[in-house]
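Take a look at the structure set out below.
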Ligand code: NAD
């Protein structure tokens, strides 16, 4: 399985799952634009890829801001050329009992986790239509499959990502563009550690361990490959058996 000759964008690639995904895509031959609102994180990911002999560029971008996305897409096109692999991974989380959930917090969650993928996908789907080939992988969440207390806003945003995935998959099925989503469950990253201790979660998992970022990255790389060309609109749950879709 090779991604040689493909140009990819991974959002939120300055940390966690996005970083691992950018590294795996680059190791398989893709040139990767490492997008993150955290410029230092993006640069560290790029340095890791380049040290391993891969090609990557760091792009500072806030996926929740239309102007920032437009500027970042222009920098990406200037640095790499047309993009035909897009991983919408950037996301935030926080926890609030439903009655404490302010509209401001609700809106911000949807803005980053759902409007972000909308804006970034609009910025690159034209490249894919022109190429007659494209791969869009959206990172959703097992919390949208199972529900989760104090996460109504997060689960709603990720449920939206799953619906967005299915709608685009049908819209572009005849155009050579596949659109799938990966809902991780309990993967050891800084985001997970905001709410959970991975060691405490492990005993409740069928595989008796939290996930590692690479577990997600390899699933994304498969969905980005030629070999996954007949797979679209799907939810590929990578969760150690936590939830069986
Ligand atoms: P992380 O916090 O390690 O990484 C997220 C990255 O996204 C950070 O580098 C952050 O700077 C970036 N980011 C945040 N807001 C952004 C914005 N507006 N624009 C651009 N970049 C932004 O978290 P992670 O665990 O690697 O999460 C990655 C994705 O996986 C998220 O969408 C998250 O919701 C999802 N997810 C993670 C888990 C898990 O167990 N870790 C479970 C389910 C879903």
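May I ask you to verify whether residue 41 is outside any loop (DSSP other than H, G, I, E, B), more than 10 Å from the ligand (Cβ to nearest atom) and more than 24 Å from residue 180 (Cα to Cα)? No. Once segment 47-70 is narrowed to residues that are within 13 Å of the ligand (Cβ to nearest atom) and either over 20 Å from the mean Cα position of the chain (by Cα) or part of a helix (DSSP H, G or I) (or both), the residue that is surrounded by the fewest Cβ atoms within 10 Å (Cβ to Cβ) is 67.
Look at residue 107 and say whether it is more than 10 Å from the ligand (Cβ to nearest atom) and either more than 28 Å from residue 71 (Cα to Cα) or not in a loop (DSSP other than H, G, I, E, B) (or both). In short, yes. The criterion of at least 1 residues that are within 13 Å of the chain's Cα centre (by Cα) is met by the following helices (runs of 4 or more DSSP H) wholly inside segment 129-245: 152-172, 213-223.
Looking across segment 1-27, the residues that are buried (at least 21 other Cβ atoms within 10 Å of the Cβ) and in a loop (DSSP other than H, G, I, E, B) come down to 3, 6, 12, 13, 14. Within segment 13-21, is even one residue more than 10 Å from the ligand (Cβ to nearest atom) and modelled with pLDDT of 95 or more? Within segment 13-21, not a single residue is more than 10 Å from the ligand (Cβ to nearest atom) and modelled with pLDDT of 95 or more.
Can you find a residue in segment 76-97 that is within 12 Å of the ligand (Cβ to nearest atom), over 15 Å from the mean Cα position of the chain (by Cα) and either assigned to a helix (DSSP H, G or I) or on the phi > 0 side of the Ramachandran plot (or both)? No. The numbered conditions (1) more than 14 Å from the ligand (Cβ to nearest atom); (2) closer than 21 Å to residue 133 by Cβ; (3) more than 14 Å from the chain's Cα centre (by Cα) are all true for residue 73 except (1). Restricting the search to segment 178-198, which residues are in contact (Cβ under 8 Å) with a residue 12 or more places away in the chain, surrounded by fewer than 22 Cβ atoms within 10 Å (Cβ to Cβ) and closer than 17 Å to residue 14 by Cβ? 188, 189, 190, 191, 192, 194, listed by residue number. Does residue 113 satisfy being surrounded by 23 or more Cβ atoms within 10 Å (Cβ to Cβ), in a helix (DSSP H, G or I) and within 14 Å of the ligand (Cβ to nearest atom)? Judged against the criteria, residue 113 is a match. The set of residues in segment 28-45 being over 17 Å from the mean Cα position of the chain (by Cα) and either buried (at least 23 other Cβ atoms within 10 Å of the Cβ) or under 25 Å from residue 133 (Cα atoms) (or both) consists of 28, 29. Assigned to a helix (DSSP H, G or I) and either within 13 Å of the ligand (Cβ to nearest atom) or within 18 Å of residue 231 (Cα to Cα) (or both): is that true of residue 126 in this structure? In short, no.
The values are calculated or read from the model by the stated rules, or taken from the named source; none is laboratory data. Here the structure is a predicted model, which means the values were calculated and not measured. Cβ: placed from backbone, ideal geometry, glycine included. Neighbour counts: every protein chain shown.
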